[in-house]
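Below is one structure; the comments refer to it alone.
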């Protein structure tokens, strides 16, 4: 690590001077209605007027009274208090009640933004079908099934007991035609305890598992595509040259793409590697097994148990090995004194089988190695039986990891017995219809704040500028988005504000062909002009703030250190990373040691605690982490040496958090040096999130996101997410390193 830093000192200095600090300050025109991959061609709408620099666009009715309709839709999400928080935040920005409407006018702009906060189906439908509307949706993704509507009580309990089917009226269907759902977690984690993978008429929604099924062909992986009006080409959603969004990236199946919109033929051998098939159950059990719940001690809260006996009760995990090679196999169980000893796990591998006996009274809440074995592609099983000594035998989860390339394959197989999964723990379901057909949609701008909204929903929402996520959302992107937008920021500046809060965001202009084609011509054949870079903004100082906020900052200086973190989690501060950093500086002025202790304590807590599935806890974690990063950035002289020390002596999960904290510290050569060195580190550094979509984030991916954000780098992919294959991420990292080497 130290040698790598020494070699990169010069490069880090150059990075700080890179001619890429500017970002475009223009938004695209009001979009034309676009054709989704499936459906009728829509007629284009009228082009928008150009937006003055720094002004809020007017996308509603023309004339002196023209307004923009902004619909904010806080639905069933991890934040049960989102509606009240958003309304308080809007009024803190200067929104006012006028004739029964909430209206915001940017200083110096005569045309107002009319703000509608809606939480029901009718309101969301009106938002999406209002001409030129701007729509912001905050919701659980529900594995792509779509947002849900909840009562206040359901929001606080984070449980909806009467949502029961895939086409339930409580769900707003807006997904791709196929949805990969973890059925067990849909019930237990997303808190729909009586939900079933079926339709209201009782028919199963589960897609076929293999070829030859009378119900049709199995599902396949594919690139998300869209069309431009009058253009028959199905363009892939290419967020950067050579970087595409796949619908099912976790499957490791080739992603199908046909520019003419054709689909793969299951009878064509050349097409079969796109199809997602499962010829056997990922988990099966025989004998007398009972369900048991251990909450956080089990791999997925629950497991199966059976009394020790003669070996006739067995549980078998089928392995989906991607290619020939060596793999590490491990098991998880909750440990108890009443559990059995000498429990046999039999691994069927290339060349035979091996039985390993373990003591399930010990080593709970962790992965226990069963050994390293050679497997051929598509083969292998692990079986546990009750041929053990006294007590209960546990069947919980198995983990299989590629020995030489763990980032390429690291699969956890749970004990779920229903229904059969298509891949991993996901069962692919078929959606029957959409809540609002694309031909009826008239919005001009959209932000989807949910987990993996890019993979889940961009096949339906293909109008204008769409902001989306490429990872697990912590429900903290809406406030930065609203503040930056209402202050007249460019799309790139809005993205930067959101990315500083949660580095999972990207955006796409559906009025244009993919980025790799934008250098030559626009859809009508005219040359495309490159946006001129802007000058970097001057650092925010206390004198830039309004008097009321300056008084707040002075008051923070007298606040006890134990109460400061809570005070700093004010919505208006969480919406702006620069202001939050100033507030942390004011609050901890003269006591940086307290700031450092608080922030490193939060870092340690997050490193030791899995991502929260519970909604309010998840939001609280995000707020604490934002305050911790701001406090560290406020005192770089104290924070940077301590963070580097933690980085050099910690595991990969902690190192990933440290990189995020370092990335929030501006204008620091040591930080650049550490981030550049981390670009070479392929260690996975993130636990699987609630959605478990894609491959785990690695240290190099986290470092990439921080470098691109802190230096405003143009010409590269804005964000790497867990939904991108590692091969895509490696290519983008290589492009970034190549650009640095050319300096």
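Taken together, the values in this text are just the output of simple stated rules run on the coordinates, not laboratory data. As the structure is a prediction and not an experimental result, all values here were calculated from the model. So basically every Cβ, Gly included, is an ideal-geometry build from the backbone, and we count neighbours across all protein chains shown.
So if the hydrodynamic radius of the stretch 283-415 is defined as the Kirkwood radius over C-alpha pairs, what does Stokes-Einstein give as its diffusion coefficient at 4 °C and 1.567 mPa s, in µm² per second? Present the calculation step by step, with values, prior to reporting the outcome.
Details: Rh = 14.6 Å.
Stokes-Einstein gives a translational diffusion coefficient of 89 µm²/s.
What number, in percent, do you get for the relative contact order of the stretch 283-415 if the mean sequence gap of Cα pairs under 8 Å and at least 6 apart is divided by its residue count?
Values: 372 pairs, mean separation 45.7, N = 133.
For the stretch 283-415, the relative contact order is 34 percent.
From the Cα gyration tensor of the stretch 427-500, with a ≥ b ≥ c the square roots of its eigenvalues, which class applies: rounded if a/c is under 1.5, or else prolate if a/b is larger than b/c, or else oblate?
In terms of gyration-tensor shape, oblate.
Neighbouring Cβ atoms within 10 Å as the yardstick, rank 404, 154 fewest first. Intermediate values should be presented prior to the final figure.
Details: 404 8, 154 19.
Ordered from fewest to most neighbouring Cβ atoms within 10 Å, 404, 154 come out as 404, 154.
Could you list 726, 670, 312 in order of exposure, starting from the residue whose Cβ has the fewest other Cβ atoms within 10 Å?
Values: 726 22, 670 17, 312 12.
Sorted ascending by nearby Cβ count, the order is 312, 670, 726.
Grab the Cα-Cα distance for residue 210 and residue 390, subtract it from 0.36 nm times how many residues apart they are, and report the gain in nm with one decimal. Show your work: numbers first, answer last.
Details: separation 180, 0.36 × 180 = 64.80 nm, distance 4.13 nm.
Computed gain between residue 210 and residue 390 is 60.7 nm.
Let's test the formula: R0 of 25 Å, r as the Cβ-Cβ distance of residue 372 and residue 683. What FRET efficiency results, to the nearest 0.05?
Working: r = 19 Å, r/R0 = 0.75.
Approximately 0.85, to the nearest 0.05.
How many nm separate the modelled label positions at residue 727 and residue 88, each set 7 Å beyond the Cα in the direction of the Cβ?
4.9
How much of the DSSP bridge set in the stretch 157-306 is antiparallel, in percent, rounded to the nearest 5? Walk me through the intermediate numbers first.
On the way: 13 of 14 bridges.
Around 95 percent of the beta bridges assigned by DSSP in the stretch 157-306 are antiparallel ones.
If a/c stays under 1.5 just call it rounded; otherwise compare a/b with b/c (prolate if a/b is bigger, oblate if not). Do that for the stretch 127-187, with a ≥ b ≥ c from the square roots of the Cα gyration tensor eigenvalues.
Numbers: a/c = 2.19, a/b = 1.32, b/c = 1.66.
Oblate.
Once both labels are modelled 7 Å past Cα along the beta-carbon direction, what's the residue 233-residue 310 spacing in nm?
About 7.0 nm separates the two model spin labels.
Once R0 is set to 45 Å, what does the formula 1/(1 + (r/R0)^6) return for the Cβ-Cβ distance between residue 594 and residue 156, expressed as a FRET efficiency to the nearest 0.05? All intermediate terms of the calculation are to be shown ahead of the outcome.
Details: r = 33 Å, r/R0 = 0.73.
Between residue 594 and residue 156 the formula returns 0.85.
Could you work out the equivalent-ellipsoid semi-axes for the stretch 144-260, taking the square root of 5 times each eigenvalue of the Cα gyration tensor, largest first, in whole Å? Walk me through the numbers on the way to the answer.
Working: eigenvalues 190, 74, 39 Å².
Equivalent-ellipsoid dimensions as semi-axes: 31, 19, 14 Å.
How much length would be gained if the chain were fully extended between residue 342 and residue 365, taking 0.36 nm per residue of separation minus their Cα-Cα distance, in nm to one decimal? Could the numbers behind the result be given before it?
Details: separation 23, 0.36 × 23 = 8.28 nm, distance 1.81 nm.
Length gained, residue 342 through residue 365: 6.5 nm.
Would you mind calculating the gained length between residue 258 and residue 131 on full extension (0.36 nm times residue separation, minus the Cα-Cα distance), in nm to one decimal? List each step's numbers first, then the result.
Values: separation 127, 0.36 × 127 = 45.72 nm, distance 3.19 nm.
Separation in residues times 0.36 nm, less the Cα-Cα distance, equals 42.5 nm.
Does the stretch 565-671 come out rounded, prolate or oblate, given a ≥ b ≥ c as the square roots of the eigenvalues of its C-alpha gyration tensor, rounded meaning a/c under 1.5 and, failing that, prolate meaning a/b above b/c? Numbers along the way, then the final one.
Numbers: a/c = 1.72, a/b = 1.03, b/c = 1.67.
Cα axes put the stretch 565-671 in the oblate bin.
What spacing in nm lies between the two simple spin-label points modelled at residue 286 and residue 164, each 7 Å away from Cα in the Cβ direction?
With each label placed 7 Å out from Cα toward Cβ, I get 3.6 nm.
Take the Cβ-Cβ distance between residue 379 and residue 638 as r, set R0 to 51 Å, and report the resulting FRET efficiency rounded to the nearest 0.05. It would help to have the intermediate numbers written out before the result.
Values: r = 54 Å, r/R0 = 1.07.
Given R0 = 51 Å and the Cβ-Cβ separation, E is 0.40.
I'd like to compare 95-104, 565-574: which one has the highest average count of other Cβ atoms within 10 Å, and what's the full order after that?
Working: 95-104: 13.2, 565-574: 19.1.
Ranking, from highest mean packing down: 565-574, 95-104.
How do 293, 467 line up, fewest other C-beta atoms within 10 Å first?
On the way: 293 11, 467 23.
In increasing order of surrounding Cβ atoms, one gets 293, 467.
If you build the convex hull over the alpha carbons only and average its shadow over all orientations, what do you get for the stretch 625-741? Give it in nm² to one decimal.
On the way: hull surface 28.5 nm².
The orientation-averaged projected area of the Cα hull of the stretch 625-741 comes to 7.1 nm².
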